[in-house]
1. Of the residues in region 1-41, how many are surrounded by 13 or more Cβ atoms within 10 Å (Cβ to Cβ) and either assigned to a loop (DSSP other than H, G, I, E, B) or acidic (Asp, Glu) (or both)?
2. Which of the residues spanning region 56-81 are more than 11 Å from the chain's Cα centre (by Cα), farther than 19 Å from residue 23 by Cα and surrounded by 13 or more Cβ atoms within 10 Å (Cβ to Cβ)?
3. Within the bounds of region 73-88, is there any residue that is part of a strand (DSSP E or B), of a type in the set (Val, Ile, Thr) and under 22 Å from residue 24 (Cβ atoms)?
4. Here is a list of conditions, (1) within 14 Å of residue 111 (Cα to Cα); (2) in contact with a helix residue (DSSP H, G or I) (Cβ under 9 Å, 6 or more places away or on another chain); (3) of a type outside the set (A, V, I, L, M), and residue 58 meets all of them except one; can you say which number that is?
5. Can you give me the number of residues within region 91-104 that are under 20 Å from residue 70 (Cα atoms) and either exposed (fewer than 12 other Cβ atoms within 10 Å of the Cβ) or at pLDDT below 85 (or both)?
Amino acid sequence: MKTPKSFFAGGTGTEEDPYLIADWEHLYNIRENVSAHFVLLNDLDENSSGYAQYAAATANDNAGWNPIKGACTYMDFGECFEYASFEGILDGTGHTISDLAIKRLSNRVGLFEKKLRMGVKLKTLI
């Protein structure tokens, strides 16, 4: 079983010690704590570790990137209908996330599944 720290390249998720994101798996794991602080250590693209599994057009049964969402907040008859949105801080430190493929029928597509709430920060992310 992974511990929260092993989901990332380091950090504890606080403002002073944000979780460190160095590859696509780390970015994918943001969903494990959508209210934490994160820092992108480098550009993520088709040449980055984990791309084929998490972000390529063939990832996730040919649906591409699975947008980041939090824990289920509304469930009915065993199916989740609503998820928590990202409420943390993602500091790109000037790095780029590119080559992200998303092929979904839903209107909830993008890096994050839901619109970001006021106060949520994506900083210096290109």
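1. 16
2. Matches in region 56-81: 63 only.
3. No: zero hits.
4. Unmet condition: (1).
5. 1
The values are calculated or read from the model by the stated rules, or taken from the named source; none is laboratory data. Worth saying up front: this structure is predicted, and the values here are computed from it rather than measured. Here the Cβ is made from the backbone with ideal geometry for all residues, glycine too, and neighbour counts use every protein chain on show.
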